[in-house]
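Derivation of every value follows stated rules applied to the coordinates shown; laboratory data play no part. These figures come from a predicted structure and were not determined experimentally. Here Cβ is always computed from backbone atoms with ideal geometry, including for glycine, and neighbour counts include all displayed protein chains.
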Amino acid sequence: MSDPSRVRITGPLAAFADGFAAELRKQGYRPNAAANQLQLFAHLSRWLASKRLDATAISTSVLNEFLDARRALGYTLWLSRKALAPLVGYLGSVGVDVATESAVLGPDEALLAHYHKYLLDMRGLVATSARGYVDMVRPLVTDRVVSDELDWTDLRPEHLNRFVLTASRGRSIGSAKLAAALRSLLIYLHMEGLIAQRLDTAVPSVAGWSLAGLPRALEPCDVERLLAACDRRTGSGCRDFAILMLLARLGLRAGEVRMLNLDDIDWRTGELVVRGKGRRLERLPLPADVGEALAAYLQRGRPDTAEGRTVFVRTRAPHRALSSVGITDAVAAAASRAGLINVRAHRLRHTLATQMVRSGVALPGVAQVLRHRRLMTTAIYAKVDREGLRLLARAWPGGEA
């Protein structure tokens with residue numbers, strides 16, 4: 001059934017049916033998708049009636065029971081809590097709140113929740129970094145649970161050494177660098193009075209060598225193939241092309257593209273406000289070709305039903321802001337169409353820097369474009385200038401001149 005108006009809804013949710021259908025249209029659902037949502041809405045309403053429940057009885061456990069009943073009846077689609085999100089969101093918007101049974105957190109997860117809030121509010125970390133810190137130190141915190149309580153009384157430097165060694169084993173240098181997360185946790189524990197002395201200075205650093213790797217850049221022809229893989233006759237193609245242009249021409253990070261706001265584009269001055277790491281706001285010049293790609297997307301690709309002010313939104317309803325994963329997925333999909341392997345958003349940043357160095361741009365200039373705080377971060381790109389390095393290389397003793 002692809003006509004939403006033909007879905008018949010009976011039971012306690014019938015009074016909300018017209019409003020829910022209007023909300024689906026407002027959010028940009030196509031007729032077939034809207035009909036599917038209304039059928040799910042109708043099934044929930046019938047099921048509530050069979051249980052002699054009204055709309056106010058809806059809770060997390062009730063919805064889970066409904067999904068179990070739906071599976072038992074042989075349904076193969078719309079069986080997850082995610083499928084119920086549109087109707088739950090609508091009911092909440094009209095005052096029918098879904099009761100959530102609060103989970104009882106153990107002492108370790110309760111502390112980690114407070115630590116996570118500290119990282120966000122006090123340290124100013126972005127959500128992904130804060131979550132990464134929490135995940136890295138979770139094993140240490142969980143190991144301190146004794147008789148349903150956290151016990152930090154006997155925490156010693158040797159425990160920290162053992163934890164770092166165990167957590168680092170079998171992992172890459174990048175993922176094994178737990179020192180920053182562990183030191184942050186220990187500072188937090190001392191601030192909260194949970195440990196008497198500061199132990200963050202006792203945390204060992206994981207061995208690593210700066211500038212050991214070589215940035216993996218695409219060749220210019222591969223970048224062109226990537227851009228050409230976007231069908232700009234479609235809305236999704238216009239969107240993906242604009243995303244790729246921001247990544248390839250300006251070297252933005254996926255998170256920076258995701259956070260780009262309509263108000264961040266200054267068409268008059270030809271500038272772009274970038275919301276970078278550490279919540280920094282920086283202005284970059286907007287090249288003409290990037291501006292043209294953005295304008296084409298905003299005029300022909302961005303849905304009129306888009307929610308919020310972010311530039312890039314989902315192509316499928318509801319048209320909410322695209323996530324960082326969505327940005328990366330758009331790059332990966334274009335790379336797959338172009339026949340390129342293992343291309344992600346950050347690789348285009350490496351490609352821009354590499355091309356700049358090979359074109360003779362000095363490292364301070366590259367650092368300025370990439371918005372690196374330290375020139376040492378940019379220094380790795382010096383290794384891609386092989387011709388320049390060849391002039392500096394000294395002959396091997398005993399070899400040919």
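Report summary: the helix-based calculation at 222 nm, which adds -39500 (n - 2.57) for every DSSP H run with n ≥ 4 and divides by the residues of the chain, gives -15500 deg cm²/dmol.
Can you give the angle from 0 to 90° between the axis of helix 31-50 and the longest principal axis of the chain, with both taken from C-alpha atoms, to the nearest 10? The angle comes out near 50 degrees.
What order do you get for 291-297, 335-341, 152-158 when each peptide is scored by the mean count of other beta carbon atoms within 10 Å, highest first? Can you show the working numbers first?
On the way: 291-297: 18.6, 335-341: 14.3, 152-158: 11.7.
Per-residue mean Cβ counts within 10 Å order the peptides as 291-297, 335-341, 152-158.
Modelled label positions at Ser205 and Val145, each set 7 Å beyond Cα in the direction of Cβ, lie 3.4 nm from each other.
Of all alpha-carbon pairs in the range 32-158, indicate the percentage at a distance above 19 angstrom.
Values: 5139 of 8001 pairs.
When every Cα pair of the range 32-158 is considered, 64 percent fall beyond 19 Å.
Between 0 and 90 degrees, the angle of helix 127-143 with respect to the longest Cα principal axis of the chain falls at about 90 degrees.
Based on Cα contacts under 8 Å between residues 6+ apart, the chain shows a relative contact order of 13 percent.
Applying 1/(1 + (r/R0)^6) with R0 = 22 Å to the Cβ-Cβ distance of Leu262 and His346 gives a FRET efficiency near 0.35. With each label modelled as a point 7 angstrom along the Cα→C-beta vector, the Ala14-Thr153 pair spans 6.6 nm.
Once the convex hull of the alpha carbons of the range 4-93 is built, what does its volume come to per residue, in cubic angstrom? Don't skip to the answer; put the middle values down first.
Values: hull volume 8.4 nm³, N = 90.
Per-residue hull volume (Cα only) is 93 Å³.
Placing dummy labels 7 Å off each Cα toward the beta-carbon, the span from Ala72 to Arg337 is 4.6 nm.
Based only on the alpha carbon positions, what is the Kirkwood hydrodynamic radius of the range 107-202, in angstrom? For the range 107-202, the Kirkwood estimate is 13.7 Å. Cβ crowding within 10 Å, taken as a proxy for footprinting-reagent exposure, orders Lys117, Lys51 from fewest neighbours to most as Lys117, Lys51.
Using every Cα-Cα pair within the range 220-386, state what percent have a distance larger than 29 Å.
Numbers: 2276 of 13861 pairs.
When every Cα pair of the range 220-386 is considered, 16 percent fall beyond 29 Å.
For Thr269 and Ser5, calculate 0.36 nm times their separation in residues minus their Cα-Cα distance, and state this gained length in nm to one decimal. Working shown, then result.
On the way: separation 264, 0.36 × 264 = 95.04 nm, distance 4.82 nm.
That pair, Thr269 and Ser5, stretches by 90.2 nm at full extension.
Can you tell me the relative contact order of the range 220-386? Whole percent, Cα pairs under 8 Å, sequence separation 6 or more. Please list the in-between numbers first.
On the way: 225 pairs, mean separation 41.8, N = 167.
So the answer I get is 25 percent.
Using the alpha carbon gyration tensor of the chain, what are the three equivalent-ellipsoid semi-axes (square root of 5 times each eigenvalue), largest first, in whole Å?
Equivalent ellipsoid semi-axes, largest first: 45, 35, 18 Å.
Just so you know, the averaged projected area of the alpha carbon convex hull for the range 265-361 sits at 8.3 nm². Peptides 88-99, 237-248 ranked from most to least packed by the mean count of surrounding Cβ atoms within 10 Å: 237-248, 88-99.
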